[in-house]
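A short worksheet on the structure shown next.
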Amino acid sequence: MVHAYLMYGFPTETAQETIDALEIVRQFFHGGLIQSAFWHVFTATVHSDVGRHPERYQCTIPVRPPAGSPGTISCIKIPWALTRRPSQQA
């Protein structure tokens, strides 16, 4: 069995890019290339470029852990799909 671990919600990702990625995953399932998948919302790690330079990605990190700290930090700019109610979706 092939399992795919996928991430969405990168700070600069557009709604159309998310939709396009979903279509590709659908095609993989349809073609039998994968049998299982898990979608995970993007989270910046303290050592990632987004974690070190959130301004480059138009997001804000409210409390930045000291350098060398383990773990992840959340980026305040939440993906479009999570910030709108269904009635607001285009």
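Summary table
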item	result
Residue list for the range 1-38, filter: of a type in the set (Ser, Thr, Tyr) and surrounded by 13 or more Cβ atoms within 10 Å (Cβ to Cβ)	TYR8, THR18
Residues located in the range 39-52, provided they are surrounded by 11 or more Cβ atoms within 10 Å (Cβ to Cβ) and not polar (S, T, N, Q)	TRP39, VAL41, PHE42, ALA44, VAL46, HIS47, ASP49, VAL50, GLY51, ARG52
Residue identified as out of contact with any Gly (no Cβ under 9 Å at 6 or more places or on another chain), modelled with pLDDT of 55 or more, at positive phi and not hydroxyl-bearing (Ser, Thr, Tyr) among GLN27, GLN58, GLN35, GLN16	GLN58
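The values are calculated or read from the model by the stated rules, or taken from the named source; none is laboratory data. Just so we're clear, the structure is a prediction, and the values are computed from it rather than from any experiment. Quick reminder, even Gly has a Cβ in these numbers, built from the backbone with ideal geometry, and neighbours come from all protein chains shown.
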